[in-house]
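Taking it in order: structure first as structure tokens, then the write-up.
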Amino acid sequence: MSRLNWRKSTFSEEASSCVYVAAAGKGKIRLRESDDPDVILSTTPASLRAFIRGAKAGDFDCLRQGGA
């Protein structure tokens, strides 16, 4: 994989867990968290937009750690 230009979320505080995003070419986006940078998620801009819209709308508020 070519070197990615990772950008930190402006909502991430300096001393807390940070979310990073990078354009990977061919319409793909990569996401990672500072706590575990070796785990990288791949998605498309459209899927990421849909996820963010759902999160803002509260579509995932019913999810709990360890199960549904």
Computed over region 1-54, protein heavy atoms only, probe 1.4 angstrom, the accessible area per residue in square angstrom equals 80 Å²
Hull volume per residue for the chain, using the convex hull of the C-alpha atoms, in Å³ is 124 Å³
Summed over the other residues with a beta carbon less than 14 angstrom from that of Asp35, with K and R at +1 and D and E at -1, the charge totals -2
Expected sort for 3-12, 23-32 on mean C-beta neighbours within 10 Å, highest first, is 23-32, 3-12
So the FRET efficiency between Glu33 and Ala57, C-beta based with R0 = 25 Å and rounded to 0.05, is 0.65
Residue-normalised 222 nm signal for the chain, counting each DSSP H run of n ≥ 4 as -39,500 (n - 2.57), nearest 500 deg cm²/dmol, is -6000 deg cm²/dmol
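The values are calculated or read from the model by the stated rules, or taken from the named source; none is laboratory data. Here the structure is a predicted model, which is why all the values come from computation and not from measurement. Every residue, glycine among them, receives a Cβ derived from its backbone with ideal geometry; neighbour counts consider all protein chains shown. Side chains are part of the model used for accessible areas, which takes the heavy atoms of the whole protein and leaves out ligands, DNA and RNA. Shrake-Rupley method; radii C 1.70, N 1.55, O 1.52, S 1.80 Å.
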